[in-house]
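Trainee: Here you go, one structure.
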Amino acid sequence: MSQNPQALLDIQHLRIALPAGGDRSHALHDLSLQLRRGECLCVVGESGSGKSMLAKALLRLLPRPLRVESGRLEFRGQDLAGLDEEAMRQLRGRDISLVFQEPMSALNPLLSVGQQIDETLQAHGVKAAATRRQRVLELLGYVGLPDPPRLRHAYPFELSGGQRQRVVIAMALAFDPALLIADEPTSALDVTTQGQILDLLRRIQREKGMAMLFITHDFAVVEAVADRVLVLEKGRVVEQGPVAEVLRAPREHYTRRLLEAVAAVPLHPRQARAEAAVVLSARQLEKHFSRRGGGWRRHSTRALAGVDLELHEGQTLGIVGESGSGKSTLGRCLVRLLQADRGSIQWQGREVAGLSQARLRPLRGAVQMIFQDPFASLNPRQDIGTILMTGPLAQGWSKADAQRQARRVLELVGLPATALERYPHEFSGGQRQRIGIARALAVEPRVLIADECVSALDALIQVQILELLEALQRRLGLSLVFITHDLRVAARLCDRIAVMHGGQVVEQGATATLLARPRHPYTQTLLRGFAPAVAPPAVTQGVEVAP
């Protein structure tokens, strides 16, 4: 029985064993915590600390071969380990719900958002179609999505990151669960959208009186939502207590390190490096998404509208904007994962916008992409060696050369050769992102397009990945398009910045100039959240502003 009869959730001495050969023996070691009804407990730690393993253990969704070695997980006084699979299936989504970190991975790309919420209702016994349809509309409206009758027909790729996260929250609330587990639900969102999602979750918790286990690496989020906080380091509890006590008077060195890493710091803009030849350019790029509404009607959404930009050899171009501004669509069009409706795209002076996939394939090695969520972009059924060899083999390399290249790029990103025989789920988020970078480097590209590649990482790991990218750029002579919503990251890494809003580049120029003297109102709005102000640069360079 639970040691605390008032606790909704009571975990005692939980140990989760890891496979042999990893960097430690346990994902979680002797973890104990309690969570009461109506309370929010934040679990904080850097990448690989075991935060997400806790959430998966609660829902009995641990990936093989991970297992609970010992300990008790009690919900409402009942040991979850003693429930059969059917009882757990009924518990998931009804009494305990999970909001995932990356909504695009959590949502089925082949079903509309209305169909996906409807599936959840059907799975838990709501038989009447009219009742389900009404509940879908209620949930979409409750989480603040506009025009639910129209939006329920939309597909995940047609929504912004913030809208997708609201859909995932709506699914989690379908049966008003007693416990909501939120696993890094705002880490990949821009500051404005993050604040909106946190406000939504606070309102939901207050109105419904549910308990919330909030997993995060961001102490700003902790301060905004938590009643209590628990700090994890490499699977062990470092300290826990009331949020005000831990944030203002942390007892442990590790907690102080985490707090220092996320402390507000001024923007430090990079002075632009000398411009060389243009290696990638776009002219008047346009992209629309069309989707079916009710009946036979179709709606068209403008994602890109007349985008112009240039990337010079050896430089980094930052693409900055909030969720839904068109940043990721632009990146995918530049690398030809999406086909633009009109406009020009050139790689090293060669037009590629209109090339067929067959004609484009031999050129693909020149421009490669690093994705935001490496776990979603890595095949979970393939070991790392196979993943890293796929690109070179597709480009005509011999198997022996591809194997040597796989070992070389792993060394470049700071991972041991033993990683070749392991699978993506055996690595932390930061390690998986290093693997994503290694895969992009395997075909020896001239240009990397990094789409929010550090946004989901904690502050300590984020700095390591940025330092790695800077070192690789110097060593390999790479040019980068760096897509981000974080102006501090853009300031540190980028020679030039293009600011996107509503599918348009509204302002672009040298980083130091643009951040010191932003001319477009939207750029000024973005900068208000980053104080103190930026000092003027020593040399003024031109900034172009869209009308």
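The values are calculated or read from the model by the stated rules, or taken from the named source; none is laboratory data. All values derive from a computational prediction rather than experimental measurement. All Cβ positions, even for glycine, are placed from backbone atoms using ideal geometry, and neighbour counts span all protein chains on display.
Trainee: If I ask for residues that are modelled with pLDDT under 90, surrounded by fewer than 23 Cβ atoms within 10 Å (Cβ to Cβ) and outside any helix (DSSP H, G or I), which ones from region 410-432 would you list?
Mentor: Hit for region 410-432 is 428, nothing else.
Trainee: Output the number of the condition that residue 368 fails; it satisfies all remaining conditions of (1) over 30 Å from residue 511 (Cβ atoms); (2) modelled with pLDDT of 95 or more.
Mentor: (1)
Trainee: Give 224, 220 a once-over and let me know the one that is in contact (Cβ under 8 Å) with a residue 40 or more places away in the chain and either of a type in the set (Phe, Trp, Tyr) or surrounded by fewer than 24 Cβ atoms within 10 Å (Cβ to Cβ) (or both).
Mentor: 220
Trainee: Let me ask something else. Looking at 162, 144, which one is in contact with a Leu (Cβ under 7 Å, 6 or more places away or on another chain), in contact (Cβ under 8 Å) with a residue 24 or more places away in the chain and at negative phi?
Mentor: So the residue among 162, 144 that is in contact with a Leu (Cβ under 7 Å, 6 or more places away or on another chain), in contact (Cβ under 8 Å) with a residue 24 or more places away in the chain and at negative phi is 162.
Trainee: Exactly one condition in (1) modelled with pLDDT of 90 or more; (2) on the phi < 0 side of the Ramachandran plot; (3) touching a Leu at 6+ places or on another chain (Cβ under 9 Å); (4) not β-branched (Val, Ile, Thr) is not met by residue 444; state its number.
Mentor: Among (1) modelled with pLDDT of 90 or more; (2) on the phi < 0 side of the Ramachandran plot; (3) touching a Leu at 6+ places or on another chain (Cβ under 9 Å); (4) not β-branched (Val, Ile, Thr), residue 444 violates only (2).
Trainee: Within the group 342, 302, 364, which residue is surrounded by fewer than 23 Cβ atoms within 10 Å (Cβ to Cβ) and touching a His at 6+ places or on another chain (Cβ under 8 Å)?
Mentor: Every option except 302 fails the conditions.
Trainee: Counting residues that are touching a Gly at 6+ places or on another chain (Cβ under 8 Å) and either of a type in the set (Phe, Trp, Tyr) or under 12 Å from residue 369 (Cα atoms) (or both), which strands (runs of 3 or more DSSP E) fully inside region 433-514 reach at least 2?
Mentor: 447-451, 479-484
Trainee: Is one or more of the residues making up region 182-202 on the phi < 0 side of the Ramachandran plot and touching a Pro at 6+ places or on another chain (Cβ under 6 Å)?
Mentor: If we filter region 182-202 for residues that are on the phi < 0 side of the Ramachandran plot, which is where we start, we get 182-183, 185-202.
Remaining after also requiring touching a Pro at 6+ places or on another chain (Cβ under 6 Å): none.
The answer is no; no qualifying residue exists.
Trainee: From the list 89, 94, 132, 76, which residue is closer than 30 Å to residue 223 by Cβ and of a type in the set (Lys, Arg)?
Mentor: Checking each option against the conditions leaves just 76.
Trainee: Let me ask something else. Hey, among 177, 109, 146, 185, which residue is assigned to a loop (DSSP other than H, G, I, E, B) and modelled with pLDDT of 90 or more?
Mentor: Every option except 177 fails the conditions.
Trainee: Next question, about the same structure. Can you name the residue in region 36-86 that is free of Cβ contacts under 8 Å to residues at least 40 places away in the same chain and charged (D, E, K, R) and is also farthest from residue 380 (Cα to Cα) among such residues?
Mentor: The residue in question is 79.
Trainee: Which of the residues spanning region 296-348 are assigned to a loop (DSSP other than H, G, I, E, B), of a type in the set (A, V, I, L, M, F, W, C) and at pLDDT 90 or above?
Mentor: 335, 337, 338, 340
Trainee: Mind listing whichever residues of region 221-243 are of a type in the set (Val, Ile, Thr) and either at positive phi or not in a helix (DSSP H, G or I) (or both)?
Mentor: 229, 231, 237, 238
Trainee: Now for a different question. Suppose we filter 24, 94, 89 for residues that are in contact with a Gly (Cβ under 8 Å, 6 or more places away or on another chain) and either assigned to a loop (DSSP other than H, G, I, E, B) or surrounded by fewer than 20 Cβ atoms within 10 Å (Cβ to Cβ) (or both); which single one remains?
Mentor: Values: 94 fails: in contact with a Gly (Cβ under 8 Å, 6 or more places away or on another chain); 89 fails: in contact with a Gly (Cβ under 8 Å, 6 or more places away or on another chain).
Answer to the selection: 24.
Trainee: Let me ask something additional. Take region 371-405 and flag every residue that is in a helix (DSSP H, G or I), under 20 Å from residue 336 (Cα atoms) and touching a Pro at 6+ places or on another chain (Cβ under 9 Å).
Mentor: Scanning region 371-405 gives a single hit, 374.
Trainee: If you don't mind, there's one more thing I want to ask. Check whether at least one residue in region 45-63 is in the same structural domain as residue 174 (by TED's automatic domain parsing), outside any helix (DSSP H, G or I) and exposed (fewer than 15 other Cβ atoms within 10 Å of the Cβ), and report yes or no. Before you say what the answer is, go through the steps one by one.
Mentor: Applying the first criterion (in the same structural domain as residue 174 (by TED's automatic domain parsing)) to region 45-63 yields 45-63.
If we keep only those that are outside any helix (DSSP H, G or I) too, we end up with 45-50, 59-63.
Now drop any that are not exposed (fewer than 15 other Cβ atoms within 10 Å of the Cβ), which leaves 61, 63.
Checked against the condition, which is being in the same structural domain as residue 174 (by TED's automatic domain parsing), outside any helix (DSSP H, G or I) and exposed (fewer than 15 other Cβ atoms within 10 Å of the Cβ), region 45-63 yields at least one hit.
Trainee: May I pose another question? Does region 68-84 contain any residue that is under 29 Å from the mean Cα position of the chain (by Cα) and either among the small types (Gly, Ala, Ser) or surrounded by fewer than 14 Cβ atoms within 10 Å (Cβ to Cβ) (or both)?
Mentor: No: zero hits.
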